[in-house]
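Asks: This structure is in structure tokens; I'll ask about it shortly.
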Amino acid sequence: MATLSVAAVLAENARRRPDKEALVEGDLRLTFAEVWRRARAQAGALAGLDVRPGDRVALMAPNTADFPIAYYAVAAAGAVVVPVHLLLSPAEVEHVLRDSGATLLLCHPAQAETGAAAARETGVRMVTLGEEFGGLAEQAEPLPAYVTRDADDPAVVFYTSGTTGVPKGAVLSHFNLVMNATVNAFDANDIRPDDVALGALPLFHAFGQTVSLNSTWRAGATLVLLPRFDAARAIELMVKEGVNTFHGVPTMFVALAAAAAGAEALPKLRVCVSGGASLPVAVLERFEAAFGATIYEGYGLSETSPAAAVNQPVFGARPGTIGHPLWGVDVEIARAEVEGAVELLPTGELGEVVVRGHNVFSGYLGRPEATAQALVDGWFRTGDLGTKDEDGFLRIVDRKKDVIIRGGYNVYPREVEEVLMRHPGIAQVAVIGLPDELHGEEVCAVVVRAPGTTPDATPDAAGVTEWSKQHLGRHKYPRRVEFADELPLGPSMKVLKRELRARYAEHSASGAPQASVGR
């Protein structure tokens with residue numbers, strides 16, 4: 001039996017570089033030895049709370065030092081971490097607690113009201129991070145080392161955002177997570193021990209957890225936490241702490257590019273990684289011009305630990321693509337309409353993105369049918385549509401379920417968004433399909449206007465449509481344009497298109513006024 005634990009990522013640093021700064025949050029600065037000492041003390045407290053190896057422990061906390069310490073404490077105790085999205089309602093947290101079979105909820109004081117309501121309904125014990133859990137850790141006998149786990153034992157259960165119905169728990173093993181962190185650190189991104197990374201991505205999400213936390217620490221580098229993302233504050237903090245590594249989602253890169261002009265100084269960034277959603281090329285260009293740094297865009301899902309492909313220095317970065325598969329991982333394009341088998345397509349053809357390798361999850365917790373649908377012929381079916389070119393660069397075209405079929409023609413929202421993001425009066429845009437009697441679906445652009453545009457340059461619906469006509473095919477340009485102050489974002493900072501579809505489909509149904517233009 002091969003044994004392995006995510007806890008080794010921290011334990012080995014405490015052994016190899018005990019006095020190296022590991023974690024910075026505000027005035028708190030902790031070395032690897034200190035973080036590991038605190039994690040072992042908390043693991044002792046978990047044992048005192050009757051948490052046994054294999055038990056599931058829910059963790060609900062923002063990007064404060066509490067999160068990584070508790071995360072590694074749960075791993076050290078041999079238990080399974082169930083991270084809880086911070087934007088969930090009490091009923092949604094209840095679902096996560098019930099479905100995962102969690103025996104304990106570790107909850108940050110800032111989330112205590114929601115956490116307590118869900119814990120009460122499910123009968124799960126809740127312990128508050130900070131004073132309560134800290135007190136228990138002080139009284140406990142610290143674990144001398146982490147508990148032995150089999151490499152294939154579950155380490156984390158991530159709840160998917162539930163775009164396809166009820167959220168499902170994706171089970172990731174210690175092997176999945178340690179390999180993904182290792183390959184990210186040493187094969188994809190060249191992370192070095194003297195690097196300093198900004199932890200601005202939510203750590204409860206797979207991207208923040210693997211790429212910001214585990215990969216940074218796998219390389220022995222320093223993580224600086226930013227509990228709430230604000231672009232001006234992020235720039236200030238990066239300059240102050242000498243941050244040279246930034247991981248973010250597109251909305252963060254948009255905000256940083258805009259805030260750069262008003263900043264007194266800018267950080268010298270060596271590694272910038274974008275993921276979580278497609279990064280419009282116009283945003284990439286604006287950010288790179290402002291910061292003089294290359295963005296390496298990548299792609300992944302909770303079910304793939306999450307990183308599956310990324311632009312890597314060894315292959316060169318190509319804007320608009322997600323680069324090449326990670327070391328030891330295969331990412332290919334399969335025939336999307338074939339359900340029960342994976343039929344790979346030749347180079348250049350459009351199909352469903354499929355993944356196999358050390359990063360692919362064990363399955364959905366307690367859902368054998370959903371697992372059998374997702375894992376076919378040794379491949380994980382992502383539900384995303386993409387292509388692979390002759391140089392091996394992968395490109396995501398869209399989610400299978402987001403494709404708009406207008407008058408029998410496929411329209412890929414991402415392609416329309418890329419074009420609209422080049423309009424000088426548009427700061428952000430999401431393109432969705434709305435029901436239409438004549439064409440089946442109509443292309444609708446939900447636009448956030450760029451700040452500071454002059455009244456003459458402020459786009460209106462007719463103007464956006466006219467401009468789009470010059471840059472997009474007749475079946476693709478948005479006949480309907482809506483304006484919003486901001487786009488709804490999920491916990492992982494992705495635009496929630498299902499919310500936009502519901503909101504604007506209601507407008508159509510209720511006969512509410514809408515800014516739509518011509519056919």
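The values are calculated or read from the model by the stated rules, or taken from the named source; none is laboratory data. Every value quoted in this text rests on a predicted model; they were computed, and no experiment measured them. Methodologically, a virtual Cβ is constructed for each residue, glycine included, from the backbone with ideal geometry; neighbour enumeration extends over all protein chains shown. Calculation scope for accessible area: heavy atoms of the full protein, side chains included, ligands and nucleic acids excluded. Shrake-Rupley method; radii C 1.70, N 1.55, O 1.52, S 1.80 Å.
Asks: Looking at this structure, is residue 260 aliphatic (A, V, I, L, M) and without any contact (Cβ under 8 Å) to a residue 40 or more places away in the chain?
Replies: Numbers: aliphatic (A, V, I, L, M): yes; without any contact (Cβ under 8 Å) to a residue 40 or more places away in the chain: yes.
When the stated conditions are applied, residue 260 passes them.
Asks: For the range 235-249, give me each residue that is touching a residue at least 60 places away in the same chain (Cβ under 8 Å) and open to solvent by less than 20 Å² (accessible area, probe 1.4 Å). Reasoning before the result, please.
Replies: Narrowing the range 235-249 to residues touching a residue at least 60 places away in the same chain (Cβ under 8 Å): 241, 249.
Across the range 235-249, the qualifying residue is only 249.
Asks: Going through the range 127-149 one residue at a time, which ones are of a type outside the set (Lys, Arg), open to solvent by less than 60 Å² (accessible area, probe 1.4 Å) and farther than 21 Å from residue 111 by Cα?
Replies: 140, 142, 143, 145, 147, listed by residue number.
Asks: With the condition kept exactly as written, say whether any residue in the range 96-114 is modelled with pLDDT of 95 or more, open to solvent by less than 20 Å² (accessible area, probe 1.4 Å) and among the β-branched types (Val, Ile, Thr).
Replies: For the range 96-114, residues modelled with pLDDT of 95 or more, open to solvent by less than 20 Å² (accessible area, probe 1.4 Å) and among the β-branched types (Val, Ile, Thr): present.
Asks: Identify, please: which residue in the range 261-284 is more than 25 Å from residue 194 (Cβ to Cβ) and small (Gly, Ala, Ser) and is, among those, most open to solvent (accessible area, probe 1.4 Å)?
Replies: 261
Asks: Same structure, new question: Tell me the residue from 375, 385, 394 that is free of Cβ contacts under 8 Å to residues at least 40 places away in the same chain and more than 18 Å from residue 480 (Cβ to Cβ), please.
Replies: 375
Asks: Sticking with this one: Could you list all residues from the range 19-48 that are within 18 Å of residue 105 (Cβ to Cβ) and either at pLDDT below 95 or open to solvent by 30 Å² or more (accessible area, probe 1.4 Å) (or both)?
Replies: 47, 48
Asks: Looking at the range 399-419, which of its residues are surrounded by fewer than 21 Cβ atoms within 10 Å (Cβ to Cβ), more than 22 Å from the chain's Cα centre (by Cα) and part of a strand (DSSP E or B)?
Replies: 405, 406, 409, 410
Asks: Need the failing condition index for residue 241 against (1) more than 28 Å from residue 108 (Cβ to Cβ); (2) out of contact with any Phe, Trp or Tyr (no Cβ under 9 Å at 6 or more places or on another chain), just the number.
Replies: (1)
For (1) closer than 16 Å to residue 404 by Cβ; (2) modelled with pLDDT of 75 or more, each residue gets a yes or a no:
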| residue | (1), (2) |
| --- | --- |
| 461 | no, yes |
| 465 | yes, yes |
| 477 | yes, yes |
| 481 | yes, yes |
| 484 | no, yes |
| 494 | no, yes |
| 499 | no, yes |
| 503 | no, yes |
| 509 | no, no |
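Asks: Related question: Tell me the strands (runs of 3 or more DSSP E) entirely within the range 40-150 that contain at least 2 residues that are closer than 25 Å to residue 173 by Cα, among the β-branched types (Val, Ile, Thr) and touching a residue at least 12 places away in the same chain (Cβ under 8 Å).
Replies: Counting at least 2 such residues, we get 80-83.
Residues are listed down the side, and each one gets a yes or a no for (1) in contact with a Cys (Cβ under 8 Å, 6 or more places away or on another chain); (2) assigned to a helix (DSSP H, G or I); (3) at pLDDT below 95:
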{"residue": "238", "(1), (2), (3)": "no, yes, no"}
{"residue": "254", "(1), (2), (3)": "no, yes, yes"}
{"residue": "263", "(1), (2), (3)": "no, no, no"}
{"residue": "276", "(1), (2), (3)": "no, no, yes"}
{"residue": "283", "(1), (2), (3)": "no, yes, yes"}
{"residue": "287", "(1), (2), (3)": "yes, yes, no"}
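Asks: Separate question: Condition (residue is open to solvent by less than 20 Å² (accessible area, probe 1.4 Å) and at positive phi) applied to the range 364-373: is it met by at least one residue?
Replies: Scanning the range 364-373, I find no residue that is open to solvent by less than 20 Å² (accessible area, probe 1.4 Å) and at positive phi, so the answer is no.
Asks: From the list 224, 171, which one is open to solvent by less than 20 Å² (accessible area, probe 1.4 Å), closer than 17 Å to residue 23 by Cβ and among the β-branched types (Val, Ile, Thr)?
Replies: Checking each option against the conditions leaves just 224.
Asks: Could you please let me know if residue 232 is part of a helix (DSSP H, G or I) and open to solvent by less than 30 Å² (accessible area, probe 1.4 Å)?
Replies: Answer is no for this residue.
Asks: Turning to a different aspect of this structure: Select from the range 383-398 the residues that are modelled with pLDDT of 95 or more and touching a strand residue (DSSP E or B) at 6+ places or on another chain (Cβ under 6 Å) and write down the one among them that is most open to solvent (accessible area, probe 1.4 Å).
Replies: 395
Asks: Based on this model, can you work out whether residue 360 counts as surrounded by 18 or more Cβ atoms within 10 Å (Cβ to Cβ), at pLDDT 95 or above and assigned to a strand (DSSP E or B)?
Replies: No; evaluated as a whole, the condition is false for this residue.
Asks: Scan the range 295-313 for residues that are in a strand (DSSP E or B) and either out of contact with any strand residue (DSSP E or B) (no Cβ under 7 Å at 6 or more places or on another chain) or charged (D, E, K, R) (or both) and report the count.
Replies: Qualifying residue count for the region: 1.
Asks: Give the residue that is farthest from residue 391 (Cα to Cα), with candidates limited to residues of the range 334-352 that are touching a Gly at 6+ places or on another chain (Cβ under 8 Å) and open to solvent by 50 Å² or more (accessible area, probe 1.4 Å).
Replies: That would be 335.
Asks: Failed condition for residue 218, given (1) over 19 Å from residue 266 (Cβ atoms); (2) surrounded by fewer than 23 Cβ atoms within 10 Å (Cβ to Cβ); (3) over 18 Å from the mean Cα position of the chain (by Cα), with all others met?
Replies: (2)
A quick yes/no check of all residues on (1) over 21 Å from residue 248 (Cβ atoms); (2) in contact with a His (Cβ under 8 Å, 6 or more places away or on another chain):
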| position | (1), (2) |
| --- | --- |
| 299 | no, no |
| 309 | no, yes |
| 325 | yes, no |
| 347 | yes, no |
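Asks: Among the residues of the range 1-39, which ones are polar (S, T, N, Q) and part of a helix (DSSP H, G or I)?
Replies: So in the range 1-39, the residues polar (S, T, N, Q) come out as 3, 5, 13, 31.
Hit for the range 1-39 is 13, nothing else.
Asks: I'd like the full set of residues that are of a type outside the set (Asp, Glu), closer than 13 Å to residue 182 by Cβ and open to solvent by 10 Å² or more (accessible area, probe 1.4 Å), limited to the range 1-18.
Replies: Hits for the range 1-18 are 4, 8, 9.
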